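Colleague: The structure is given below, and queries will be raised subsequently.
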Amino acid sequence: LTTTLVSTVANAASSAKSLNTFTGDFNPDNFRPVCPASDNIYRFAQTTTQSVVGPDNFIEYGPLIAGGLLRVRLELCVVESFFNEAVGPFIEKEGLRWILPLHETVETFLAGTIFALASTFILVGSTKIVSVLITYADVLVGAPARLFGGFAFDRAKGKPVTLDIGFGPFKKRIVGPGSPKDEKKEETWEDFFDISQVENKDLPVVIASGTVKAFGETSKVTREVLEGIDLFVGRYLTLIATGYIGIKFLHFKVFPDFPQF
């Protein structure tokens, strides 16, 4: 089956009239991917690093810093360029009929197979880089926003300060009313936007601190979503891509006349 699949892909590639596709801008020697978002991230990281370590250290350790940042930029550029310069224009021109058509042709089989293989290779490594960057951003920006914004927001709304020490059944509240064993109600969005008990003089503080807290919570949700995507890609994308290629191969080579209309 493996030999037949490889042979089918090779024959499909040779019969497709696209030899000039691999010349010009798509020649490896001439290919220059355009990655404006990745370039902006690289410049921001470069400027931030120089501000943190200082100009002297930046010059001394410049090759190491630049080498690391450029490779991060490269990983991000792979994803950006693949979707902006390859997948997007192809879908805009050909539509989505090649994904699972009623009747498989050489062109639809080849397009789906190459897309599945390329997506697997590109996404498995690159989503990890994106997840790491978002995690760092959440730790450095999102977490402080949730901590300080949430503290100021709760104080402006009149909630008492509480501090617990210990863990589990040994937890003890040393600051604030109540007990750590009391059932704690999860804050909903309705509770978040409820300002009926807030005095007018405290409204600017509530709005400002609430905005900071909302930014921190958004950062947390974004990190969790991207971590979920990274986990899904690393664990299941290869299996899904392999199954997808197998289905297209069976439809193209084994059951070419199915369905009968």
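The values are calculated or read from the model by the stated rules, or taken from the named source; none is laboratory data. Please read these numbers as outputs of a predicted model, since none were measured by experiment. Every residue, glycine as well, gets a Cβ built from its backbone with ideal geometry; the counts of neighbours run over all protein chains shown. Heads up: the accessible areas ignore ligands, DNA and RNA and are worked out on the full protein's heavy atoms, side chains in. Shrake-Rupley method; radii C 1.70, N 1.55, O 1.52, S 1.80 Å.
Colleague: Find out how many positive minus negative residues lie around Ala145, taking Lys and Arg as positive, Asp and Glu as negative, among other residues whose Cβ is under 12 Å from that of Ala145. Please report the intermediate quantities before stating the final value.
Modeller: On the way: positive: Arg146, Lys213, Lys220; negative: Asp138, Glu217.
Result for the local shell: +1.
Colleague: Moving on to the next point. So which residue, out of Val34, Val124, Val53, gets the largest mean-square fluctuation from a GNM of the chain using Cα contacts under 10 Å as springs?
Modeller: Val53
Colleague: Provide the solvent-accessible area of Ser196, counting protein heavy atoms only and rolling a 1.4 Å probe, rounded to the nearest 10 Å².
Modeller: 80
Colleague: A further question on this structure: A 28 angstrom limit on the alpha carbon distance is what I want to check against. Which of Lys93/Lys128; Lys159/Lys220; Lys157/Lys220; Lys159/Lys201; Lys93/Lys248; Lys171/Lys220 exceed it? Intermediate results must be reported in sequence, preceding the final value.
Modeller: Numbers: Lys93/Lys128 30 Å; Lys159/Lys220 23 Å; Lys157/Lys220 23 Å; Lys159/Lys201 16 Å; Lys93/Lys248 21 Å; Lys171/Lys220 26 Å.
Among Lys93/Lys128; Lys159/Lys220; Lys157/Lys220; Lys159/Lys201; Lys93/Lys248; Lys171/Lys220, the Cα-Cα distance tops 28 Å for Lys93/Lys128.
Colleague: Further question: For the pair Thr47 and Ala86, what calculated FRET efficiency results from E = 1/(1 + (r/R0)^6), where r is the Cβ-Cβ distance and R0 = 35 Å, to the nearest 0.05?
Modeller: Numbers: r = 30 Å, r/R0 = 0.86.
Using R0 = 35 Å, I get an efficiency of 0.70.
Colleague: Name the most mobile residue of Gly228, Gly95, Gly210, meaning the one with the largest mean-square fluctuation, in a Gaussian network model of the chain with Cα contacts below 10 Å.
Modeller: Most flexible of the set in this elastic network: Gly95.
Colleague: May I pose another question? With springs only between Cα atoms under 10 Å apart, run a GNM on the chain and tell me which of Ile122, Ile245, Ile207 wobbles the most.
Modeller: Maximum among the listed residues: Ile207.
Colleague: Which label belongs to the value computed from this structure, given these candidates for Cα Rg over 2.2 N^0.38 Å: (i) 3.05; (ii) 1.47; (iii) 1.12?
Modeller: Identified label for the calculated read-out: (ii).
Colleague: Further question on the same structure: Given only helices, namely DSSP H runs of n ≥ 4 each adding -39500 (n - 2.57), what is the per-residue ellipticity at 222 nm of the chain, to the nearest 500 deg cm²/dmol?
Modeller: That comes out to -20000 deg cm²/dmol.
Colleague: With a cut-off of 8 Å between alpha carbons and a minimum separation of six or more residues, what is the relative contact order of the chain in percent?
Modeller: Details: 194 pairs, mean separation 62.8, N = 261.
About 24 percent, as a whole number.
Colleague: Let me ask another. Calculate, for the chain, the solvent-accessible area per residue in square angstrom, rolling a 1.4 angstrom probe over the heavy atoms of the protein chains. Please list the in-between numbers first.
Modeller: Working: 18140 Å² over 261 residues.
For the chain, the solvent-accessible area averages 69 Å² per residue.
Colleague: Give, as a single signed number, the net charge of other residues whose beta carbon lies under 15 Å from the beta carbon of Val132, with Lys and Arg counted +1 and Asp and Glu -1. Please list the in-between numbers first.
Modeller: Numbers: positive: Arg71, Arg73, Lys128, Arg223; negative: Glu75, Asp138, Glu224, Glu227, Asp230.
Overall, the nearby charge balance is -1.
Colleague: Compute, for the chain, the length of the dipole vector about the Cα centre, with Cβ point charges of +1 (Lys, Arg) and -1 (Asp, Glu) only. Units Debye, rounded to 20. Present the calculation step by step, with values, prior to reporting the outcome.
Modeller: Working: 25 positive and 29 negative charges, 106 e Å.
Taking the Cα centre of the chain as origin, the dipole is about 520 debye.
Colleague: Next question. Got a number for the accessible area of Cys77? Probe 1.4 Å, square angstrom, nearest 10.
Modeller: 0
Colleague: Mind checking the log10 I(q)/I(0) for the range 104-254 at q = 0.12, 0.17, 0.19, 0.21 Å⁻¹? Debye, one equal scatterer per Cα, no solvent, two decimals.
Modeller: Each listed q maps to, in turn, -0.73, -1.03, -1.15, -1.23.
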